[in-house]
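The values are calculated or read from the model by the stated rules, or taken from the named source; none is laboratory data. On a predicted model such as this, the values are computed, not experimentally measured, just so you know. Counting neighbours? That spans all protein chains shown, and the Cβs are built from the backbone with ideal geometry, glycine included.
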Amino acid sequence: MSSKTSSKAKPAPSVRVHAEARPAMPVPKPVPSFAPLDRKLKKRLARGAESIHARIDLHGKTQSQAHAALLRFLRKAQGDGAKFVLVITGKGTRAQDSWSERGVLKRQVPHWLKLPEFRAYVVGFEDAHIGHGGEGALYVKIRGQRSVVSHQKNSVSDY
């Protein structure tokens, strides 16, 4: 005995959700795009045709100290209108102790620069030319600061 099923299925009852029932979710800000520096730009930086506006040396800092210092440095560089900065991490060839890792900052700084908290300041980065530190330093292109129009309400004071 074969059973035949009806090709017409009953539609599922629709459920209406009122707009008031759902809390409004904040729209997350889009993370700015990230792009590596092109070869021509890197050559211009190496030759000095494009100036490096500021530099930071992270040698001798712990990861947490270096992370905080780098974030402050990039904020200030953007505020000062810098286009390119040099971040010196060191090559990490020597560990201070037998239990310390080698080249921690050299490995970590590129990861940090890709994080959302840094992306507001960084367009891209590349290893520096040997004259600027080679593999122990990075050229970092700073994102232009957007002009922010402040909308301040007029305040009335009672005297």
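Would region 101-117 turn up any residue that is of a type in the set (Gly, Ala, Ser), modelled with pLDDT under 95 and surrounded by fewer than 14 Cβ atoms within 10 Å (Cβ to Cβ)?
The answer is no; no qualifying residue exists.
Can you name the condition, by its number, that residue 125 falls short on among (1) part of a helix (DSSP H, G or I); (2) at pLDDT 90 or above?
Of everything listed in (1) part of a helix (DSSP H, G or I); (2) at pLDDT 90 or above, residue 125 misses just condition (1).
Of all residues being of a type in the set (D, E, K, R) and modelled with pLDDT of 95 or more in region 56-74, which is farthest from residue 41 (Cα to Cα)? Just the residue, please.
Once the filter is applied, the top-ranked residue is 72.
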